Structure formats: C-alpha cells, structure tokens
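Colleague: Submitted below is the structure of interest, expressed as structure tokens.
The values are calculated or read from the model by the stated rules, or taken from the named source; none is laboratory data. Since the structure is predicted, the reported quantities are computational estimates derived from the model, not experimental observations. With ideal geometry, Cβ positions are generated from the backbone for all residues, glycine too; neighbour counts draw on all protein chains shown. We work out accessible area using only protein heavy atoms, side chains counted, and drop any ligands, DNA or RNA first. Shrake-Rupley method; radii C 1.70, N 1.55, O 1.52, S 1.80 Å.
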Amino acid sequence: MIIDAHTHLPPDSFYPPELGRGPEGFLALCDTHGVDVAWVFTTAGLNDPDPRHNDVVRAFCAAAPDRLVPFCTVFPHLSGAVDELHRAVEAGARGLKLHPWLQGFSPIEPCMDDLGTALEALGIPVVFHDGTPPNSSPLQIAAFAERHPGVPVILGHGGLHDLWVEAVAALQRVDNLWVIPSGTPPAGLRQLVDQVGTGRLLFGSDAGFGDPHWQTFQLSKIRDLRLRPEDEATLLSGNAQLLMQPDRGSR
C-alpha cells in the first residue's frame, strides 16, 4: 500500500489529456503510480483566507472518501482561525496544512499557541511547508512542536535542498516531529534514514502543485534506498495510517 501524504488540489492545467479532470482524473494519475490513498491540501487557499477553499477540498475528496483524505487550512494571524479549524474538522477535515511563507506568519509567534492547543484537543496532525526562510525553517517548526507535544507536527518537505541538515537535527531533537521528504535530495534522504530511521518518515510527492510525474520521481527516491521490506512499508504507508488513528497518541 502507498499513501501520498502531500498532494494538492490540482488545477485543470495539471492533468494529462488522457486522464480527464477532477477527482476521477487525479485518482487515475495516482493509479498509474501505484498510489492508493492521498492526503489532499488546497493550493489557492494558501494565498486566500476565504474558508470556502476548505469546502472545495472536502467536496473534491468526497468523490472517493476511502482514497482521498481532506486537509484544511487557516491563517493563524486572523481572528477566527481556531473557529475555522473546528468548523472544517467537524465538516470532515482530517488534518491541517500550514504554509508560513505564503500565509505570512512564523511558527514561533504567540498566535500559534491557541492553534496548537486546538490541534491537540482535536487529535489531528498538522503539515507545515518547510525549507524556505525566514519563517519556514525546520527548527522553527520544531520549536512549535516542542510547545505542543501532543500534536503530530510534520515537515512537508524535509528541509528542501538547503535545510535538510536542519531537518535531521530537528527530528533528533523533537519526538513528535515527523517528516515528508518531498523536497529532500537523495543524499539528504539517506542521511535522514541513517540518523533518524523510518519510524517518523512519510511518503509524499507534492503532486497537484507541480509536475504530474513528481509521484514517480519521489517514489524512485524511496525505492533507491533499498530498505528492508518492512521499513519501506512503514515509510510508504504505515506511518501515515498511524497518524490517522484517533487513539495513536504521540511518539
């Protein structure tokens, strides 16, 4: 089983002509890459605080609720952010996606503490964009995770090409921090596995945001590690399944 824990609602221009549009086309693309389940984030909603973007993602995922997992987003600076988080989760969102760079906040600001308390009460994970300074460094996100140890906090890119060393250090420091190495170079991914193990790594491709072949590329990075079958299964699906369990607790 393969769970892609980092995808975005695709624009129409994303789809190869032969696959069609909408959730059916996206699932057809996942099928070509062997992806069984996808966590789906907004794209437009990371630039626009209109809560209807959360509803659009939920409606998209409702076409195949066993395969498409909706995540919501909020703008932490805005009043009502916690209320919108609760509304979206009550409507069916299974997690939160945040993008400090696009949404204009820092993970270490005081406004994040109310959000962290709400996440802990709701028992859902949060995926952060990471790897682009000044407000998306892995250690900044790790500081948020330290303040909210009951929240599974996920680095969405593993530090990208410039900050993957910091991502390794962050995971070594904070137990409730996880990583999707969707932007980590292959050498950095090997360091993550060697120094942290596969117990807090999730597979993710960023599909829907960029090239439709990113799923294949990101999967090839995992396959090239030549992990033991049980470790590869943990990375490709086991950890994501764990984080979707309401009684999972924190590690």
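Colleague: Quick check on my filter: what residues within the stretch 150-175 are assigned to a loop (DSSP other than H, G, I, E, B), in contact (Cβ under 8 Å) with a residue 40 or more places away in the chain and under 24 Å from VAL69 (Cα atoms)?
Modeller: Result: GLY150, VAL151, PRO152, GLY156, HIS157.
Colleague: Any residue at all in the stretch 206-215 that's at pLDDT below 95 and in a helix (DSSP H, G or I)?
Modeller: Within the stretch 206-215, one or more residues are at pLDDT below 95 and in a helix (DSSP H, G or I).
Colleague: Separate question: Pick from the stretch 2-26 the residues that are modelled with pLDDT of 95 or more and either over 21 Å from SER237 (Cα atoms) or among the aliphatic types (A, V, I, L, M) (or both): which of them is surrounded by the most Cβ atoms within 10 Å (Cβ to Cβ)?
Modeller: That would be ALA5.
Colleague: Quick one: GLN241 ticks every box in (1) at pLDDT 95 or above; (2) of a type outside the set (A, V, I, L, M); (3) farther than 21 Å from VAL37 by Cβ bar one, so which box is it?
Modeller: It is condition (3) that GLN241 fails.
Colleague: I'm trying to understand the selection: among the residues of the stretch 65-92, which are in contact with a Pro (Cβ under 8 Å, 6 or more places away or on another chain), open to solvent by 10 Å² or more (accessible area, probe 1.4 Å) and closer than 20 Å to TRP39 by Cα?
Modeller: PHE75, GLU84, ARG87, GLY92
Colleague: Taking ASN239 and the conditions (1) touching an Asp or Glu at 6+ places or on another chain (Cβ under 8 Å); (2) crowded, with 24+ Cβ neighbours inside 10 Å; (3) touching a residue at least 60 places away in the same chain (Cβ under 8 Å); (4) within 28 Å of ALA118 (Cα to Cα), which numbered condition does it fall short on, given that it satisfies the others?
Modeller: Going through the list (1) touching an Asp or Glu at 6+ places or on another chain (Cβ under 8 Å); (2) crowded, with 24+ Cβ neighbours inside 10 Å; (3) touching a residue at least 60 places away in the same chain (Cβ under 8 Å); (4) within 28 Å of ALA118 (Cα to Cα), ASN239 breaks only (1).
Colleague: PHE217: in contact with a strand residue (DSSP E or B) (Cβ under 7 Å, 6 or more places away or on another chain), open to solvent by 40 Å² or more (accessible area, probe 1.4 Å) and closer than 19 Å to VAL37 by Cα, yes or no?
Modeller: No, not satisfied.
Colleague: Do you know which of the residues in the stretch 164-198 that are within 16 Å of the chain's Cα centre (by Cα) and of a type in the set (Gly, Ala, Ser) is modelled with the highest pLDDT?
Modeller: Looking at residues that are within 16 Å of the chain's Cα centre (by Cα) and of a type in the set (Gly, Ala, Ser), I get ALA167.
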